Amino acid sequence: MRPDFLDRHARLASPIHRLPTAVKAGAALLLLIALALVPPRQPWLFALVALLLVAVAGASRIPPRFLLGRLLLLEPLALGVAALAFLQPGGWRHFLLLVGRSTLALGVVLLLSQTTPFAALLRLLRRLRLPALLVTLLALMYRYLFVLADEAERLQRARASRTFSRRRGRDWRAIAAVAGRLFGRASERSERIYGAMCARGWRP
Amino acid sequence: MAAVKALEVTGLSYRYPDGTPALDGVSFALAEGESVGLIGPNGAGKSTLLLHLNGLLPDVPPAEPAVRVLGQPLTRDRLPGVRREVGLLFQDPDDQLFCPTVREDVAFGPEQFGLAGPDLAAEVARCLATVGLAGYEDRLPHHLSRGEKRRVCLAGVLACRPRLLVFDEPTADLDPRGRRDLKALLAGLPVTKLIASHDLEMIAALCPRVVLLDQGRVVADGPAAELLADEPLMLAHGLERPPGLSRRHPPG
Amino acid sequence: MHIPDGFLDLPTATGAAVLAAGGVAVALRETRRRLEPRQVPLMALTAAFVFVAQMLNFPVAAGTSGHLIGAALATALVGPAAAVLVLTTVVVVQCLVFADGGLLALGANLLNMALLAPVAAWAAGLPLRRTLPGLAGRLAGATFGGWVAVVLAAAACAGELALAGAAPWRTVAPAMIGVHLLIGAGEGVITALVLAAIARARPELVTAAGAGSARRFLRTGVLVALALALFAAPFASSLPDGLEAVAERLGFAALEQPAALPAPAPDYALPGLASPLAATAAAGVLGALGMLGVALLLGRALARPREAGSA
């Protein structure tokens, strides 16, 4: 996993990035609620939101190709669920409504996540009095996501360089073996992390 | 001699949970301001010994601890204080750099001990500057090189203002530049230091005295110039005389 | 099965969020009661592990591949209460960092994948853990539990979508549940394989984590489920009426529901007429029996000491 996979553009200098996290998160939430409340008879409100998003995206200086790329990556999920609309008469209008709404909502969350480092979101959650245990879990998980992903990659490469057969049944067991060793390492590391936390005075 | 020893280990023994003996009657002491190297082959018990110095091992603090830090025995109620006084740097910086940003990680220790607000920010800045990483506050751990991660860990430990610094293989996995930088950094720290390492050249440069550990026992304890140059001794314990150290011309 | 934003209306999303918050709060209380501090990093790393494990490709056929969801795996590794927290962490990170699953829909996604799935996995696995001794029982329990978790999560997901008016129950339920009867089988098998691999390398990690707290947690879970049923009953019994009543009270009366929504109500009350639903129910029963068999066989097979030299 590329080290900047997640936060590639979260640290640019732009007026949007500089906004306080609470403002960005609050605005995102309000936009999402507004989208949920738009009556099907007034789709022009969607256009309004779309314009707003484009403006914000422009001000944020994030490369548009990147944003569109991410949008396209995540779109199939929304399309899939929206396809359920075809299971009923008059489906086309319903389908378009769903796709429009969900794509815009996706844009909102995408912009939020690309203009706000996850660490800032965590600080906001802590200020909002989210239980300390949850915040700690989120922070630690995020931190070690890459470490584990790298280890998984290494384990898979090691396995691949020793595998000469292509039998599918074997493959599942081999992949599961990688997962097994990965968890073993993760568990050992968690012990060392606990030691490191205690060594600097952590008391849960 | 009335000066309190920075560290005193007396007859420390330890067995792993599965019964394998790890340490057997280890005894040595460090005076304040000393720089001592801890050397020995893999499996000698160096890391295990280091974990005893701030009470991470044994799991249950004994009634009669074998370790004394600054004159105080490591009993259960002393542990929080000891963890402030003994700064332990782990072998894998990824284990120790567990916060989402550099700033939060360096601030972690002093935060636990009550520092907050602008004082905390100033302390973080000071420690990062000390390790040569000024301005790194907002960086993410997974974007850093291994050497940078090691230095952030050091900053985080220094932020606790320890009286004794303990290092577990500080130059392992570093490229030559990272190694040079870290060596210079360590040389510049006036605190009492115990450095466990395979990097005998670094030990020779930084530590006037070494303790040789093998199979859980202290085999030798004396001037680095003598012990490291003693080829038969080094070879007998899975080590070797560091290049650049001749028998006739010990380092200054 | 992460629900994106834009499909759930506000009442459904809010209701689900409230229930999810309650469930997570219960899990928090339960975990704190028995938590050893050293388990905090373990839970976080288990969450990271579940996330990474979800990215592993298990090739199926002609380019498709299966992926682990992980509820049964997490439950087997850290117990149901801690698994709720582990999966909550995973789902939240997926939402906030990867935009996988909507922000407003987070409550529903948590309800399905972080609450229902692990609790169902644990409960469904109980009889198997009691039937077969030792590791075989745990593996069998995880296999069947994994299947049940996926199917129930899919059913809940369909329910939420139907409740929100995104699609009618009598069509979305057979579609989602039907597909996940198969996906669940993959989940069960993969869970067992991974668990067996972990047990082979580090047997002490696959312990019966927190059995006592599990029972209490399950009791609370059942109570919450009853509350959920009571809360949902007015909606379920007469879909459009209930929704319209709520909508009026909340001032959403101006919202016009999609034309097809009134249709499900009469069919829903008379299951005999809705053949896709009946067929799904039948498939579900058959699937459950089949998975029980698979679970027992797999549990025994994988728990046997492995022959040397494979993979």
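Label positions at C:D100 and A:I33, each projected 7 Å from the Cα along the C-beta direction, are separated by 2.9 nm.
Taking Lys and Arg as +1 and Asp and Glu as -1, the other residues whose beta-carbon sits under 11 Å from that of B:R78 total +2.
Just need the relative contact order of segment B:50-179 here, percent rounded to a whole number, with Cα pairs under 8 Å and 6+ apart. Working shown, then result.
Values: 176 pairs, mean separation 40.1, N = 130.
Here the relative contact order equals 31 percent.
Would you mind counting up the charge near A:P131? Only other residues with Cβ under 12 Å from its Cβ, with Lys and Arg at +1 and Asp and Glu at -1.
On the way: positive: A:R126, A:R129, C:R29, C:R32; negative: none.
Combined, the nearby Lys, Arg, Asp and Glu give +4.
Only bridges with both residues in chain B count here: give the DSSP antiparallel percent, nearest 5. Write down the numbers at each step before the final one.
Numbers: 17 of 34 bridges.
Counting DSSP beta bridges with both partners in chain B, the antiparallel share is about 50 percent.
Taking amide H positions as modeled 1.01 Å from N, with prolines and chain starts lacking one, the residues under 5 Å from B:V218 and 5 or more places away or on another chain are B:S27. Taking label points 7 Å from Cα along the Cα-to-Cβ direction, B:R180 and B:Q215 give a separation of 4.1 nm. Find out how many positive minus negative residues lie around A:R181, taking Lys and Arg as positive, Asp and Glu as negative, among other residues whose Cβ is under 12 Å from that of A:R181. After counting each charged neighbour, the total is +3. Farthest toward the positive end of the dipole of segment B:7-236, out of B:P62, B:L140, B:A172, is the Cα of B:L140, where the dipole comes from beta carbon charges about the Cα centre. Using the Cβ-Cβ distance between B:D119 and A:A59 with R0 = 41 Å, the FRET efficiency computed as 1/(1 + (r/R0)^6) comes to roughly 0.70.
For chain B, the relative contact order is 25 percent, taking Cα pairs closer than 8 Å that sit 6 or more residues apart in sequence and dividing their mean separation by the residue count.
Per residue of B:97-104, how many C-beta atoms from partner chains lie within 10 Å of its own C-beta, taken as a mean? Can you show the working numbers first?
Details: counts 3, 14, 6, 12, 8, 0, 1, 4.
Mean inter-chain Cβ contacts per residue within 10 Å come to 6.
The modelled label-to-label distance for the pair A:F46/A:R18, using points 7 Å beyond Cα in the direction of Cβ, is 3.6 nm.
For C:G102, the residues whose amide H sits under 5 Å from its own are C:I3, C:D5, ignoring neighbours fewer than 5 places away on the same chain, with H placed 1.01 Å from N. Annotation: amide H of B:G37 within the under-5 Å range of B:I195, B:R209, B:V210, B:V211, sequence separation 5 or more or interchain, hydrogens built in the peptide plane. Take the Cα radius of gyration of chain B and divide it by 2.2 N^0.38 Å, N being the number of residues; the result is 1.01. Place a label point 7 angstrom from the Cα of A:L133 along the Cα-to-Cβ direction, then list the residues of segment C:113-130 whose backbone nitrogen is under 18 Å away. Within reach of a label on A:L133, which here means backbone N under 18 Å from a point 7 Å along Cα→Cβ, segment C:113-130 contributes C:114-116, C:118-119. Based on Cα contacts under 8 Å between residues 6+ apart, chain A shows a relative contact order of 27 percent. Could you let me know the centre-to-centre spacing of segment A:140-155 and segment A:99-129, using Cα atoms, in angstrom? Taking the Cα centre of segment A:99-129 as reference, the centre of segment A:140-155 is 23 Å away.
Partner chain Cβ atoms within 10 Å, averaged over the residues of A:144-156 - can you pull that number for me?
On the way: counts 13, 10, 7, 8, 8, 5, 3, 2, 5, 1, 0, 0, 2.
The mean count of partner-chain Cβ atoms within 10 Å per residue comes to 5.
Segment B:Y16..B:A172, full-extension length gain: 53.7 nm, with 0.36 nm per residue of separation and the alpha-carbon distance subtracted.
Starting with the highest mean, order A:188-195, A:134-141 by the number of other Cβ atoms within 10 Å, averaged over the residues of each peptide. Before the final figure, lay out the partial values.
Details: A:188-195: 19.8, A:134-141: 22.6.
Highest-to-lowest ranking by the protection proxy: A:134-141, A:188-195.
Laboratory data are not the source of any read-out in this text; all were calculated from the coordinates shown. Here the structure is a predicted model, which is why all the values come from computation and not from measurement. As a convention, Cβ positions derive from the backbone with ideal geometry for all residues, glycine included, and neighbour counts pool all protein chains shown.
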